[in-house]
Structure formats: structure tokens, C-alpha cells
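Below is one structure, written out as C-alpha cells, with a few remarks after it.
The values are calculated or read from the model by the stated rules, or taken from the named source; none is laboratory data. All figures in this text were calculated on a predicted structure; none of them were measured in a lab. FYI the Cβ positions are ideal-geometry reconstructions off the backbone, even for glycines, and counts take in every protein chain you see. Surface accessibility is based on the protein's heavy atoms, side chains included, excluding ligands, DNA and RNA. Shrake-Rupley method; radii C 1.70, N 1.55, O 1.52, S 1.80 Å.
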Amino acid sequence: MNPVGKPGKTGSLMPVETALARLLEMADATSILERERLPLAQVQGRVLADDLLSTLDLPPWPNSAMDGYALRMADWTGEPLVVSQKIFAGQAPAPLLPGTCARIFTGAPVPAGADCVEMQENAQVQADERVAFTEAMTLGQNIRPQGQETTVGELILPAGTRLGPIEQGLAASLGCAELDVVRKIRVAVLSTGDELIEPGQALGPGQIYNSNRVLLCSWLQRLGCEVIDAGILPDDLVTTRARLGELKNVDLILSTGGVSVGEADFLGIALREEGELSLWKLAIKPGKPLTFGHFRGVPVIGLPGNPASTLVTFALLARPYLLRRLGVKDVEPLKVQVQAGFDWPIAGSRREYLRGRLESGRAIIYKNQSSGVLRSAAWADGLVEVMEGRTLVAGDSVSFIPLSEVLL
């Protein structure tokens with residue numbers, strides 16, 4: 001492995017960990033407390049508002065893990081046993097008659113008096129319909145005990161759990177038809193810049209299509225947010241102030257572009273004049289000019305305008321902030337260690353997130369890592385994290401964040 005180089009000076013740039021910690025601290029202080037009760041089929045992607053406790057034992061009675069025969073071990077002396085009853089799943093069995101066995105099927109309740117289930121593969125039905133057993137047996141074998149999965153009062157899902165198909169199925173197994181979830185967080189999405197126009201319009205001189213709006217609105221909907229499309233802000237300070245002032249019944253204003261130090265960055269000017277800035281300039285690449293502040297009391301996250309920068313900063317900073325405001329505790333994406341399939345000979349002063357993908361277990365990166373190239377993310381299936389001041393040669397270990405970890 002190449003030695004870790006010395007990081008360059010970052011001036012006033014804030015480390016990624018510091019920025020994330022401060023964002024999560026501010027998110028905790030403004031948690032969404034309102035809730036709503038929804039049918040179980042409608043809670044996918046939502047956040048559980050209260051602890052889900054078990055109201056019953058699962059299974060509620062001992063049941064068979066196999067198709068076979070239930071018997072009392074003490075009754076088996078090596079001689080075939082008479083079948084005294086047949087028990088299907090969903091039936092209530094009679095107590096087992098002494099000296100007999102019961103034909104039983106997977107999931108069926110084990111009759112009182114039985115302490116063993118032998119699988120049918122180890123049983124032989126005789127001509128007189130008695131059953132002989134060919135293998136040694138043990139007490140409790142192939143019996144799922146009552147409460148094996150849950151017991152009454154046990155914590156099943158803590159508040160703050162994001163609900164997916166597995167969690168919905170678990171709630172259904174407890175008989176829950178409805179769940180209390182945190183209300184959706186309301187996010188106003190706006191873009192800034194006279195150069196932006198919406199897809200479907202004809203491009204004029206110096207204009208580009210607004211890809212960030214579509215990316216963010218779609219991503220926010222996947223996260224279960226209520227999205228308010230605030231459109232494109234022109235490069236005009238008066239209009240910027242007025243449009244921001246109209247966004248009152250929202251929990252967050254999420255913008256792209258217009259938050260650096262250029263003369264036309266009117267969103268940044270508006271925040272400085274009529275609000276406050278809590279974060280400004282991060283030691284991250286792409287995405288240095290990320291901003292967090294407030295405009296007349298409403299939280300504002302200003303993402304960089306370049307598409308790849310928007311993607312990286314939303315994935316690693318805005319997304320955790322939004323989830324924490326909903327009460328989710330574990331908000332950072334999974335990182336896996338993989339081998340680098342590339343060289344990185346020059347150490348940078350900022351932490352870099354390279355669009356890459358895994359091939360044969362090694363991370364390779366897109367040839368063009370420009371912050372303006374969204375195609376790099378469409379080609380990739382993850383982000384390769386290169387720490388500040390580090391160089392790499394192929395074969396070195398690097399952290400890889402699958403995009404599947406951050407897109408939902």
C-alpha cells in the first residue's frame with residue numbers, strides 16, 4: 001500500500017464528519033413530531049412513530065416444523081405405533097392418546113402430550129397402518145416452541161424504524177392492521193440560475209436543461225417526503241427574497257446552485273441578509289459549496305449546482321439530515337471495504353467521492369470525474385471514498401458506498 005500523504009491545507013473548509021454531526025444535531029432539534037395512522041398496506045417507506053410491542057406469543061402454541069408424526073418419546077419402545085389422529089395446519093388437535101402417534105403437517109399445532117415430531121422420511125407405514133420409526137429421536141425435535149419468535153410485551157420494532165416489506169410482514173404477523181407513522185416531511189425544491197430551463201423547451205444561447213430538479217424530486221419521493229416543486233429562481237435578489245418568503249408551510253427548502261460567493265449567487269446573499277448560515281464550504285469533492293442555514297426561520301440546505309456535486313452531497317449529507325428529522329437513528333450508509341482497481345497517485349486536500357462500480361470485486365472509476373458529469377453516476381453503482389491526503393495503487397483497500405444504500 002502506498003503511504004498516506006500529508007493532507008493539504010483546507011483553510012476554512014469544514015471536515016465532512018463535522019458537517020454531518022452538526023446537521024444531525026440540528027435535525028434532532030427540529031424533529032417532526034406529528035403523526036398519522038395508516039393502513040398497513042400504505043406504510044412502506046414511512047417511519048414508525050411508536051415502539052411496536054408484541055401483543056401475542058409467536059407462535060401462539062407449539063407447532064410442527066415438519067410433515068411427519070408427533071409422539072411421546074416415552075411411548076416409543078421400538079415397536080410401531082398406531083396413528084390416533086391426523087392434524088393439519090389450522091386445526092385444533094385433541095390430546096395425544098397414550099401409546100399412539102399423530103400424523104401432523106408443517107405448521108400444525110402439536111397435540112398435548114406429544115414431545116417430539118419425527119419427519120415422514122424417517123417413518124415407515126406398515127401394512128396394518130401402524131408407523132415404525134427408523135432413527136433415534138430426541139425430545140423437542142422438529143417442534144417450534146410457543147413464543148420462539150416473539151413473546152407478549154417484547155419490543156419488535158423501535159420507533160424510528162423505516163418500514164419496508166419485511167417490517168410490514170412482521171407487523172402483519174402480530175395482527176396489526178394499522179400503524180402510527182411520522183407525517184411526511186415537506187420539502188420545497190428550487191433551482192437557481194437564468195441558464196436553466198426545463199426539459200421539453202428549446203435551448204437558447206447559454207442555456208442548459210435543469211436535471212437537478214428531476215433528480216431531487218424523484219429522490220425525495222423515494223424517501224417518503226412531500227415534495228413542493230418551487231421551480232427555478234431567476235438571478236435576481238428581489239425575486240429570490242420574495243419567492244423564499246412564500247415558502248412558509250414547509251419543513252425544509254432544498255436548493256441547487258446559487259450558494260457560492262459569485263456576484264450572481266442571490267440565494268446565498270438572501271440567506272446572509274435575512275437569515276443565518278450554520279455551515280459553509282466543506283472539505284469534500286465534489287460538493288465544496290454546500291450551505292445550511294435558515295431563511296426567516298425555515299431551514300435551508302443549499303446544494304451545489306453541478307449535477308454530480310448535487311448527487312454526492314444529497315446522498316451523504318442532506319439525506320441523513322432528512323431521515324434524522326423523521327426520527328431515524330441509523331442514517332449513515334453502509335460502507336464496504338473493497339480493493340481499488342485503479343491508481344490514485346496525487347493526494348488531495350479534500351475527501352473525494354468518485355463515481356465507480358465493482359467489477360470482479362474491485363472498484364473501478366469512471367474516466368471523467370468532473371462534477372458536471374451526471375453520466376458518471378448513471379454508469380456507476382457506488383461511490384468510492386478516497387480520504388484526505390491519501391494516494392492509492394491498484395489493490396489497496398478503499399471504502400465503497402453502494403448507490404442502493406442511498407437511493408432509498
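Observations
- Given (1) open to solvent by 50 Å² or more (accessible area, probe 1.4 Å); (2) under 30 Å from L155 (Cα atoms); (3) outside any strand (DSSP E or B), index of the condition R37 fails: (3)
- Cβ-Cβ distances below 9 Å connect the following pairs, each with a first residue in the range 215-241 that is in the same structural domain as G305 (by the TED database), a second residue that is part of a strand (DSSP E or B) and among the aromatic types (F, W, Y), and a separation of six or more residues or different chains: R241/F295.
- The residue list E167, E195, E135 contains one member that is modelled with pLDDT under 95 and farther than 30 Å from A74 by Cβ, which is E195.
- All positions within the range 105-121 that are open to solvent by less than 50 Å² (accessible area, probe 1.4 Å) and not in a loop (DSSP other than H, G, I, E, B): P109, C116, V117, E118
- Where E167 falls short, out of the listed (1) within 30 Å of V328 (Cβ to Cβ); (2) open to solvent by 70 Å² or more (accessible area, probe 1.4 Å): (2)
- Single condition D28 does not satisfy, out of (1) modelled with pLDDT of 95 or more; (2) within 34 Å of the chain's Cα centre (by Cα); (3) farther than 26 Å from L155 by Cβ: (3)
- Members of the range 315-346 that are among the charged types (D, E, K, R), touching a helix residue (DSSP H, G or I) at 6+ places or on another chain (Cβ under 7 Å) and either assigned to a loop (DSSP other than H, G, I, E, B) or modelled with pLDDT under 95 (or both): E332
- Matching option when the condition is under 26 Å from S31 (Cβ atoms) and of a type in the set (F, W, Y), among Y321, Y353: Y321
- Residue match in the range 174-196 (condition: under 26 Å from W61 (Cα atoms), out of contact with any Cys (no Cβ under 9 Å at 6 or more places or on another chain), open to solvent by 80 Å² or more (accessible area, probe 1.4 Å) and not in a helix (DSSP H, G or I)): yes
- Residue pairs meeting the criteria (Cβ under 8 Å; at least 6 apart or on separate chains; first at pLDDT below 95, in the range 176-192; second among the aromatic types (F, W, Y)): T192/F266
- G327 being on the phi > 0 side of the Ramachandran plot, under 21 Å from the mean Cα position of the chain (by Cα) and open to solvent by less than 30 Å² (accessible area, probe 1.4 Å): yes
- Condition check for G356: touching a Phe, Trp or Tyr at 6+ places or on another chain (Cβ under 6 Å), crowded, with 18+ Cβ neighbours inside 10 Å and under 22 Å from P304 (Cα atoms): no
- A102 being surrounded by 16 or more Cβ atoms within 10 Å (Cβ to Cβ) and not assigned by the TED database to the domain that holds L163: yes
- Put simply, of Q91, Q124 the only residue that is outside the structural domain of G175 (by the TED database), open to solvent by 50 Å² or more (accessible area, probe 1.4 Å) and not in a loop (DSSP other than H, G, I, E, B) is Q124.
- The range 372-388, residues that are modelled with pLDDT of 95 or more and among the small types (G, A, S): A380, G382
- Boolean, S349 is in contact with a helix residue (DSSP H, G or I) (Cβ under 7 Å, 6 or more places away or on another chain), outside any strand (DSSP E or B) and not assigned by the TED database to the domain that holds G160: no
- Unique residue being within 11 Å of L190 (Cβ to Cβ), touching a strand residue (DSSP E or B) at 6+ places or on another chain (Cβ under 9 Å) and at pLDDT below 90 when the list is G275, G231, G305, G268: G231
- Under the condition of being farther than 16 Å from A123 by Cα and without any contact (Cβ under 8 Å) to a residue 60 or more places away in the chain, the residues counted in the range 60-84 number 1.
For (1) surrounded by fewer than 20 Cβ atoms within 10 Å (Cβ to Cβ); (2) assigned to a strand (DSSP E or B), each residue gets a yes or a no:
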| position | (1), (2) |
| --- | --- |
| L244 | no, no |
| E273 | yes, no |
| L279 | yes, yes |
| P289 | no, no |
| H294 | yes, yes |
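- Of everything in the range 219-240 that is open to solvent by less than 60 Å² (accessible area, probe 1.4 Å) and part of a helix (DSSP H, G or I), the residue that is farthest from G164 (Cα to Cα) is L237.
- Whichever residue in the range 207-218 is surrounded by fewer than 21 Cβ atoms within 10 Å (Cβ to Cβ) and in contact with a helix residue (DSSP H, G or I) (Cβ under 8 Å, 6 or more places away or on another chain) and, among such residues, is modelled with the highest pLDDT: L215
- Tabulated pairs, the range 18-29, first among the β-branched types (V, I, T), second at pLDDT below 95 and part of a helix (DSSP H, G or I), C-beta under 9 angstrom, 6+ apart or interchain: none
- Residue check, V312 open to solvent by less than 50 Å² (accessible area, probe 1.4 Å), assigned to a strand (DSSP E or B) and closer than 30 Å to T161 by Cβ: no
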